Structure formats: structure tokens, C-alpha cells
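Q: One structure, as C-alpha cells, below. Some questions next.
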Amino acid sequence: MLNKIEKKDLLKKSSYFYDLPEELIAQEPVEPRDSSRLIIFDRKNNNIEHKIFKDIISYLTPNDVLVINNTRVLPARLYGYKDTGAKIEILLQKRINLNSWQIIAKPFKRLKEGTKITFSNELACIIEKKENYGLCEVTFIYDGVFEDKLSKVGQVPLPPYIHAKLKDKERYQTVYSKIEGSSAAPTAGLHFTNELLTNIKKKGVEIIEVLLHVGLGTFRPVKEDNILEHQMHSEYIEMSVENAHKLNQAKQNGKRIIAVGTTSVRVLESCVNENGKILPCKKETDIFIYPSYKFKFVDALITNFHLPESTLIMLVSAFAGYEQTMKIYNIAVKEKYRFFSFGDAMFVE
């Protein structure tokens, strides 16, 4: 049990800071995907092991269920010009309807409602509404299919801490990505190869797909000292009737539910009711998970190493324990693990 002072400290953004040398921020993915490094943390025995990601199969049994997020990253970064010739960069955040999107724009201050931004002779947009945090609602102007136009002018929106040019765009997609709609990859899934997934299935592990379209709000820095004042952006999730039934059956049979990535955690914990049953859903979620949260469905977690003071390290701290998480992160820094999107991983059992 946490005492009151400790609980209070866990609501401070500064409690989730750790010192990370810049050279440990992975600029490129390793080859093959499953050759990245892996920390295994056994919560029950408080034990830490150092492995290679493909070794994870040794820690899985037929009594396990892997829950993966099958979202696919859009070419969501676009560069365009106002009628004045001023250059504008936008990032697609969330689709509102057929032609309207919520976007992040910069420079934000110079934009006015009604401003037209042209990306090519086949694609433009009009600023309809300005919001907070650099967000705007826009309506796109085009003939034909939006996705076709986007594929011609859009770029894969790599995180700002990655400065190297990505040689293969598919390396910022999971091998099981299917449904386009994300502004960023569910990075824990980047470590899996088709061969590793095949071998995991052969071992008797069940793999169940869910959907969360990752918005850039997931990575928005927490600016407030009191993390309870942080406003999460909502993200679209889906849980099918069939997969809700499979997950409930697995849980009832005592199987271990392993979430691949924080996005899968957020889907599961957003779709579970007070009785611990997963409900089918197609909705927005803005769930914010931080220490003291009681997990209702997730038993184990595969995740990357996240930014200091981010909502993602807060989620991991809620699951693995705050002190244990910060200890693991400090060990990972000392052992020169690679961090963030193209970095190494940890498996919290």
C-alpha cells in the first residue's frame, strides 16, 4: 500500500523524470525486427533478466493470449502553402467525417479560420476551426479518393526525436498492420516478425486483434505539474463482438492476457465493465492510466521504453509498480538499451 505522501508524489510530473543520454535514442530500427534487446521483469519474484526479443517465445505458453493492435500508420504529415506563399506543416490527428479532419498545424498562430492550404494541384484544405494545443478542424478539397491523394503527397510522421531518414517506410508499420488511421505506430508491435508470430501460434498461444488509431495526443508532453490536470486527447477504438467473446472466454478459462503495447492496454481497459467483462465497442477513449489505477483485464505487458514524464511511462508505472519501473529504466540506461519508437522492449509478467 502507498501511504498518502507517496500517493501525492506519484501525481507529480517530476516523479517520472529520468536522465537519458541522447545517444540512446534509437534513430533506426534494428534488423531483423526481433533482434532488439528485451528486459524481462517478473513482478511476482521481482526478478530482471536481459534477453533478445525473439527469446520472448520461451516465456509464452498455450495458456497465453496476445492482444495486438492492427492499426496502420497514415502518411499523415503534409507540407503545404497558404495563398501568401507561407509554408505550413500539418499532421493528421483524427478523422471527423468523410472530408473533415482534426489536425495539428504549425506555425499555428499565423493561421486563421477560412485560410486555404494547398498541398498539390489535387489536394487542399480550409481551416474551419482553431482549437487549443495547435489543433484545427479542416475540410479537405479534392476529387476522387482521399486516401489516393494522401498517398501521393503525405509522409510517414516519424516522431521529432528521430532525425535519420527512414529507408523502408514499412519499418514504421507492424507486420500485422491492417486498418489505416494512426498518426504514429504502436511501437511495441514493431519487434514482431511474421516468423516469430507463426512460431508463437504453433506453441498454442492465441493472438487476438483489437484496434486503436494512435493520435499524436498520446505523445503530447505533460505540461502540468499535477498530472491530474493533464487532458488526454481521445482516440478511436474498436472491439468486435467475436473478439470480445474470445477474450472473455480466455479470461474465464484462466488464460493470461498479454497486451502488446500501451495501445492494446488502453483498448482492453476501456472496453471492460465493472464486472471484468469485455464489451464490444466502437468509440472514442481518453482513458488516462497512472499509478493507483486498478487493472481489470490485463495480466502482462510488452512495451517499449518511453519518454520521461510522458503518460506512457505513467501507464507502465501503474502496471509494473512505480519504483520497479524507474529502477528498470535506470538499468536500461546503464546497460545502454535503445529507447523510444525504434528502441528495445520490456516484458512485464
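The values are calculated or read from the model by the stated rules, or taken from the named source; none is laboratory data. These numbers come from a predicted model, not from an experiment. Don't worry about glycine lacking a Cβ; one is built from the backbone with ideal geometry, like all the others, and counts go over all protein chains shown.
Q: So, in the range 299-328, exactly how many residues are touching a residue at least 60 places away in the same chain (Cβ under 8 Å) and acidic (Asp, Glu)?
A: Residues in the range 299-328 being touching a residue at least 60 places away in the same chain (Cβ under 8 Å) and acidic (Asp, Glu): 1 in total.
Q: Under the condition of being charged (D, E, K, R) and either assigned to a strand (DSSP E or B) or touching a Pro at 6+ places or on another chain (Cβ under 6 Å) (or both), which residue from the range 48-60 is surrounded by the fewest Cβ atoms within 10 Å (Cβ to Cβ)? Write out each step before concluding.
A: Here is the first cut: in the range 48-60, the residues charged (D, E, K, R) are 49, 51, 54-55.
Then drop every residue that is not either assigned to a strand (DSSP E or B) or touching a Pro at 6+ places or on another chain (Cβ under 6 Å) (or both), which leaves 49, 51.
Values: Glu49: 12, Lys51: 15.
Selected residue: Glu49.
Q: Pairs, please: C-beta under 6 Å, at least 6 apart or cross-chain, first residue farther than 17 Å from Gly154 by Cβ and in the range 124-144, second of a type in the set (Val, Ile, Thr) and not in a strand (DSSP E or B)?
A: Ile127/Thr115
Q: Does Asn132 satisfy being over 21 Å from Asp83 (Cβ atoms), in the same structural domain as Lys149 (by TED's automatic domain parsing) and out of contact with any Phe, Trp or Tyr (no Cβ under 6 Å at 6 or more places or on another chain)?
A: Numbers: over 21 Å from Asp83 (Cβ atoms): yes; in the same structural domain as Lys149 (by TED's automatic domain parsing): yes; out of contact with any Phe, Trp or Tyr (no Cβ under 6 Å at 6 or more places or on another chain): yes.
Yes: the conditions hold for Asn132.
Q: Out of all the residues in the range 113-141, which are of a type in the set (A, V, I, L, M, F, W, C) and at pLDDT below 95? Walk me through how you get there before you give the answer.
A: So in the range 113-141, the residues of a type in the set (A, V, I, L, M, F, W, C) come out as 117, 119, 123-127, 135-136, 138, 140-141.
Leu135, Cys136 - these are the residues of the range 113-141 that are of a type in the set (A, V, I, L, M, F, W, C) and at pLDDT below 95.
Q: Have a look at Lys283, Lys277 and point out the one that is surrounded by fewer than 20 Cβ atoms within 10 Å (Cβ to Cβ), within 18 Å of the chain's Cα centre (by Cα), over 20 Å from Ala188 (Cα atoms) and not aromatic (Phe, Trp, Tyr).
A: Working: Lys277 fails: within 18 Å of the chain's Cα centre (by Cα).
Residue meeting the stated conditions: Lys283.
Q: Would you point out which residue out of Leu247, Leu268, Leu301 is assigned by TED's automatic domain parsing to the domain that holds Ile68, touching a helix residue (DSSP H, G or I) at 6+ places or on another chain (Cβ under 7 Å) and not in a loop (DSSP other than H, G, I, E, B)?
A: Selected residue: Leu301, the only one of Leu247, Leu268, Leu301 that is assigned by TED's automatic domain parsing to the domain that holds Ile68, touching a helix residue (DSSP H, G or I) at 6+ places or on another chain (Cβ under 7 Å) and not in a loop (DSSP other than H, G, I, E, B).
Q: Shifting gears a bit: Would you check if Leu212 is under 14 Å from the mean Cα position of the chain (by Cα), surrounded by 18 or more Cβ atoms within 10 Å (Cβ to Cβ), closer than 13 Å to Val260 by Cα and assigned by TED's automatic domain parsing to the domain that holds Ile52?
A: Answer is yes for this residue.
Q: For the range 292-312, does any single residue satisfy the condition of being surrounded by fewer than 20 Cβ atoms within 10 Å (Cβ to Cβ) and β-branched (Val, Ile, Thr)?
A: Scanning the range 292-312 turns up no residue that is surrounded by fewer than 20 Cβ atoms within 10 Å (Cβ to Cβ) and β-branched (Val, Ile, Thr).
Q: Is it the case that some residue within the range 178-188 is within 12 Å of the chain's Cα centre (by Cα), under 18 Å from Gln102 (Cβ atoms) and either outside the structural domain of Lys54 (by TED's automatic domain parsing) or not in a loop (DSSP other than H, G, I, E, B) (or both)? Working first, answer last.
A: As a first pass, look at the range 178-188 and keep what is within 12 Å of the chain's Cα centre (by Cα): 182-188.
Filter again for under 18 Å from Gln102 (Cβ atoms), leaving 182-184.
Still in the running and either outside the structural domain of Lys54 (by TED's automatic domain parsing) or not in a loop (DSSP other than H, G, I, E, B) (or both): 182.
The answer is yes; a qualifying residue exists.
Q: Hey, among the residues in the range 306-349 that are under 19 Å from Asn46 (Cβ atoms) and in a loop (DSSP other than H, G, I, E, B), which one's farthest from the chain's Cα centre (by Cα)?
A: Across the range 306-349, the extreme among qualifying residues is Glu335.
Q: Separate question: Being surrounded by 19 or more Cβ atoms within 10 Å (Cβ to Cβ) and not in a strand (DSSP E or B) is the filter here; which residues of the range 61-113 pass it?
A: Leu74, Ala76, Leu111
Q: Considering only residues that are more than 21 Å from Pro32 (Cβ to Cβ) and polar (S, T, N, Q), look in the range 134-186 and name the one that is surrounded by the most Cβ atoms within 10 Å (Cβ to Cβ).
A: Looking at residues that are more than 21 Å from Pro32 (Cβ to Cβ) and polar (S, T, N, Q), I get Ser182.
Rundown of residues vs (1) in contact with an Asp or Glu (Cβ under 9 Å, 6 or more places away or on another chain); (2) under 17 Å from His306 (Cβ atoms), yes/no style:
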| residue | (1), (2) |
| --- | --- |
| Leu196 | yes, no |
| Lys201 | no, no |
| Leu211 | yes, no |
| Gly215 | yes, yes |
| Val222 | yes, yes |
| His233 | yes, yes |
| Ile258 | yes, no |
| Gly261 | no, yes |
| Arg266 | yes, yes |
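Q: While we're on this one: Just give me the residues in the range 18-51 being out of contact with any strand residue (DSSP E or B) (no Cβ under 7 Å at 6 or more places or on another chain), within 19 Å of Glu335 (Cα to Cα) and not charged (D, E, K, R), in sequence order.
A: Within the range 18-51, Tyr18, Pro21, Gln27, Pro29, Val30, Asn46, Asn47 meet the criteria.
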